[in-house]
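*Asks:* Please find one structure pasted underneath; my questions will follow.
The values are calculated or read from the model by the stated rules, or taken from the named source; none is laboratory data. The structure presented is a predicted model; accordingly, all values stated were derived computationally and were not measured. Neighbour counts run over all protein chains shown; Cβ positions are idealised from the backbone, glycine included.
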Amino acid sequence: MQIRGQAALVTGGGSGLGEAVARALAAQGAKVAVLDVNAANAERVAREIGAQAGTSAVAVAADITDSTSLAAALDAAEAALGQGPARIVMNIAGIGTAKRVVGKDGQPAPLEDFERVVRINLVGTYNVVRLTAARIARLDPVEPGGDRGVMVMTASVAAFDGQVGQEAYSASKAGLAGMTLPLARDLAQHGIRVCTIAPGLFETPLMKALPEPVQKSLAASIPFPPRLGRPEEFAELALHIVTNTHLNGETIRLDGALRMAPR
């Protein structure tokens, strides 16, 4: 699918990997809806995109786990961009936490903490997929092959090599990896492709908040290149998935051959 002129939705577009994807899409001529639970971040990114890329960009605030909030945001994005439903859907929104099952005080981890991570990362992403897929399915194909749209989800290498304390995060990301092929098969009848990227250690705001020696130690654990991944590299792969119409139903690790140690 060609990116130029298409409407695109980026969840979690207000920072980190989502911001990089939103900027990359705009640079290629897409009209971008930057969706984030943090309205101020979404507005900043959309404003800067409009000024720098010279293309349409709109900020919409929504909680992806709230169907009413999300549907309203999708309606607002469509009205603002004047393109109808976004054919390109980038699911980047998510949270990361680490908590041992049994704490140092001998108490079990709060169930609410586990539920929150799974609800945002897994259930929230599925919520975006189901609501946007229904809208895309009503559109006419844009190419002779019947391509109507493409979705990218964001897992993590923790889906496969989860570390100590990452039970909730790993479970949520493994759920996305496990959902990828069934979604691609399910939505094939509508001409909608689905792929997932599983990034390793990247230069995100969360990573940059760590002490410099910790960042360097983490970077050194990556076989090659021995550095943290750059958000722009994640965005490059996300955009390639859009334009390579034979990519479908696949989870792609983007990690420099990293395999996470137990801790």
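*Asks:* Report yes if some residue within region 183-190 is hydrophobic (A, V, I, L, M, F, W, C), outside any loop (DSSP other than H, G, I, E, B), over 26 Å from A30 (Cβ atoms) and within 18 Å of the chain's Cα centre (by Cα); otherwise report no.
*Replies:* No, the conditions are met nowhere in region 183-190.
*Asks:* Just a yes or no: is a residue in region 52-66 touching a residue at least 40 places away in the same chain (Cβ under 8 Å), of a type outside the set (A, V, I, L, M) and within 17 Å of G149 (Cβ to Cβ)?
*Replies:* Scanning region 52-66, I find no residue that is touching a residue at least 40 places away in the same chain (Cβ under 8 Å), of a type outside the set (A, V, I, L, M) and within 17 Å of G149 (Cβ to Cβ), so the answer is no.
*Asks:* Scan region 45-63 residue by residue and report those that are in a strand (DSSP E or B) and farther than 26 Å from G94 by Cβ.
*Replies:* Filtering region 45-63 down to residues in a strand (DSSP E or B) leaves 57-61.
Of everything in region 45-63, nothing turns out to be in a strand (DSSP E or B) and farther than 26 Å from G94 by Cβ.
*Asks:* Also: From the list A72, A86, A93, which residue is under 29 Å from I192 (Cα atoms) and part of a helix (DSSP H, G or I)?
*Replies:* The conditions single out A72.
*Asks:* What tally of residues in region 197-244 results from selecting those that are of a type in the set (F, W, Y), assigned to a loop (DSSP other than H, G, I, E, B) and within 30 Å of E143 (Cβ to Cβ)?
*Replies:* Residues in region 197-244 being of a type in the set (F, W, Y), assigned to a loop (DSSP other than H, G, I, E, B) and within 30 Å of E143 (Cβ to Cβ): 0 in total.
*Asks:* Quick one: which of Y169, Y126 is among the hydroxyl-bearing types (S, T, Y) and either crowded, with 22+ Cβ neighbours inside 10 Å or without any contact (Cβ under 8 Å) to a residue 12 or more places away in the chain (or both)? Quick ask: steps written out before the conclusion?
*Replies:* Working: Y126 fails: either crowded, with 22+ Cβ neighbours inside 10 Å or without any contact (Cβ under 8 Å) to a residue 12 or more places away in the chain (or both).
When all the criteria are applied, what remains is Y169.
*Asks:* Condition test on L139, is it touching a Gly at 6+ places or on another chain (Cβ under 8 Å), at pLDDT 90 or above and surrounded by fewer than 21 Cβ atoms within 10 Å (Cβ to Cβ)?
*Replies:* For L139, the condition - touching a Gly at 6+ places or on another chain (Cβ under 8 Å), at pLDDT 90 or above and surrounded by fewer than 21 Cβ atoms within 10 Å (Cβ to Cβ) - is met.
*Asks:* In this structure, is A57 crowded, with 22+ Cβ neighbours inside 10 Å and over 18 Å from M153 (Cβ atoms)?
*Replies:* Yes; evaluated as a whole, the condition is true for this residue.
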